[in-house]
Amino acid sequence: MNYKVLSRKYRPQTFSEIIGQSHIVDTLINSISTKRLAHGYLFSGLRGVGKTTTARVLAKTLNCLNLVDNNPCGKCQNCIEITESRSLDVIELDGASNRGIDEIREIKETVKYPPISSQYKIFIIDEVHMLTKEAFNALLKTLEEPPENVLFILATTDSYKIPDTILSRVLRFDFKKITNKVLSEHMANILDKENIKYDETSLNIIAFKADGSVRDSLSILDRIISYSDEFISHDLVKESLGI
């Protein structure tokens, strides 16, 4: 199966491609250029607004062998391996299925070893609020004083479920909802690349329905493209969404 859904096909690979989060992107780029990196980050916000994507781009940027204007080149070995999720130095975990103390103990053991081919060993823990209380407690010391070349990037949709002891040890970034205007422009850009015709009103409806989530907007768009005959019209969108 060669077809990729739009949210995967057009997933941002550099900071310049991330939409609607300029306050976070600018801060991260400045911290990289001035070498003022924290050892732990927390990305919180609504689903589908770019938390995990930003974490991967940050990991790529820090480990890229040929940076271009503080953006990863996308061509070196490290960039390719991180993009394809097979880098041994960027470990991505799902907090929902790796939520116990045993998994955290395994991270604590892995932290002791230096990166294999990169400058940093980076742990990305998605949906970190799903960790158990014991797992959070086991993570505390490692999160507070990790080795010099280790970074933790935690991502969550429910930051209020994370203990204060964890929050005080990380640099927190709150991702905001993407505006309907930005979502519509993003979808229009993608449809132009896909050579699919559309009218602006239809994209505004999809953006409104997505409620600030890039992933939701592209999922709806995928569905409507399958439903349409290579033209996305206002009436077609209303019919497809049952409005």
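The values are calculated or read from the model by the stated rules, or taken from the named source; none is laboratory data. Every value quoted in this text rests on a predicted model; they were computed, and no experiment measured them. For neighbour counting, all protein chains shown are included, and Cβ atoms are generated from backbone atoms with ideal geometry for every residue, glycine included. Note: areas computed on protein heavy atoms with side chains; ligands, DNA, RNA excluded. Shrake-Rupley method; radii C 1.70, N 1.55, O 1.52, S 1.80 Å.
Can you list, largest first and rounded to whole Å, the semi-axes you get for the range 95-173 by taking the square root of 5 times each eigenvalue of its Cα gyration tensor? Please list the in-between numbers first.
Numbers: eigenvalues 81, 38, 27 Å².
Result for the range 95-173: semi-axes of 20, 14, 12 Å.
Over the chain, give the accessible area per residue in Å² for a 1.4 Å probe, as an integer. The partial results should precede the final answer.
Values: 12850 Å² over 243 residues.
Dividing the accessible area of the chain by its residue count gives 53 Å².
Expressed as cubic angstrom per residue, what is the convex hull volume of the alpha carbon set of the range 1-137? Please report the intermediate quantities before stating the final value.
Numbers: hull volume 18.6 nm³, N = 137.
Given the Cα convex hull of the range 1-137, per-residue volume reads 135 Å³.
Rounded to the nearest 500, what is the chain's calculated 222 nm mean residue ellipticity when only DSSP H runs of at least 4 contribute -39500 (n - 2.57) each, over all residues? Don't skip to the answer; put the middle values down first.
Details: 11 runs with 110 residues, N = 243.
Mean residue ellipticity, 222 nm, calculated: -13500 deg cm²/dmol.
Report the far tail of the P(r) of the range 61-118, meaning the percent of Cα-Cα pairs longer than 18 Å. Kindly include the intermediate steps, with their values, before the conclusion.
Values: 749 of 1653 pairs.
That tail contains 45 percent of the Cα-Cα pairs.
At 1.4 Å probe size, put Ile29, Ile206 in order of accessible surface, largest to smallest.
Details: Ile29 35, Ile206 0 Å².
Ranked from most to least accessible, the order is Ile29, Ile206.
Work out, step by step, the length gained on full extension between Asp26 and Glu106: first 0.36 nm times the residue separation, then minus their alpha carbon distance; give nm to one decimal.
Details: separation 80, 0.36 × 80 = 28.80 nm, distance 3.36 nm.
My answer for the length gained is 25.4 nm.
Using a probe of 1.4 angstrom, how much of the accessible area of the range 67-225 is carbon and sulfur, in percent?
Values: 4090 of 8400 Å².
C and S fraction of accessible area: 49 percent.
Once the piece of chain linking Tyr160 and His234 is laid out straight, how much longer is it, given 0.36 nm per residue of separation minus the C-alpha distance between them?
Working: separation 74, 0.36 × 74 = 26.64 nm, distance 3.91 nm.
Contour length minus Cα-Cα distance gives 22.7 nm.
Keeping all protein chains in the complex and leaving out DNA, RNA and ligands, what accessible area do you get for Asp199 with a 1.4 Å probe, in Å² to the nearest 10?
About 40 Å², ignoring ligands and nucleic acids.
Excluding ligands and nucleic acids, what accessible area in Å² is computed for Tyr3 using a 1.4 Å probe, to the nearest 10?
Approximately 140 Å² for this residue.
On a 0 to 90 degree scale, rounded to 10, what angle separates helix 101-111 from the longest Cα axis of the chain?
With both axes taken from Cα atoms, the answer is about 70 degrees.
Over the range 58-162, what is the percentage of antiparallel beta bridges among all DSSP beta bridges, to the nearest 5? Don't skip to the end; give the middle numbers.
On the way: 1 of 11 bridges.
The antiparallel fraction comes to roughly 10 percent.
Could you calculate the contour length gain from Asn195 to Tyr113, that is, 0.36 nm times the residue separation minus the distance between their Cα atoms, to one decimal place in nm? The partial results should precede the final answer.
Numbers: separation 82, 0.36 × 82 = 29.52 nm, distance 4.82 nm.
Gain on extension, Asn195 to Tyr113, equals 24.7 nm.
Express as a percent, rounded to the nearest 5, the fraction of DSSP beta bridges in the chain (both residues included) that run antiparallel. Please report the intermediate quantities before stating the final value.
Working: 1 of 22 bridges.
About 5 percent, rounded to the nearest 5.
Of the options Ala207, Leu171, Tyr3, report the single residue whose Cα projects farthest towards the positive end of the charge dipole of the chain (beta-carbon charges: Lys, Arg +1; Asp, Glu -1).
Farthest towards the positive pole: Leu171.
Post the alpha-carbon centroid distance, the range 1-50 to the range 158-192, in whole angstrom.
Each part's Cα centre sits 9 Å from the other's.
Can you figure out the FRET efficiency of Asp222 with Lys75, using R₀ = 30 Å and their beta-carbon distance, to the nearest 0.05?
Working: r = 28 Å, r/R0 = 0.95.
So, using R0 = 30 Å, E works out to roughly 0.60.
Once you have the alpha carbon radius of gyration of the range 159-208, what is it after dividing by 2.2 N^0.38 Å, with N set to its residue count?
On the way: Rg = 17.8 Å, N = 50, 2.2 N^0.38 = 9.7 Å.
Dividing the Cα Rg of the range 159-208 by 2.2 N^0.38 Å gives 1.83.
Binning every alpha carbon pair distance of the range 153-243 at 5 Å from zero, what are the percents per bin?
So the P(r) values, bin by bin, are 2, 13, 23, 18, 11, 8, 8, 8, 6, 3, 1.
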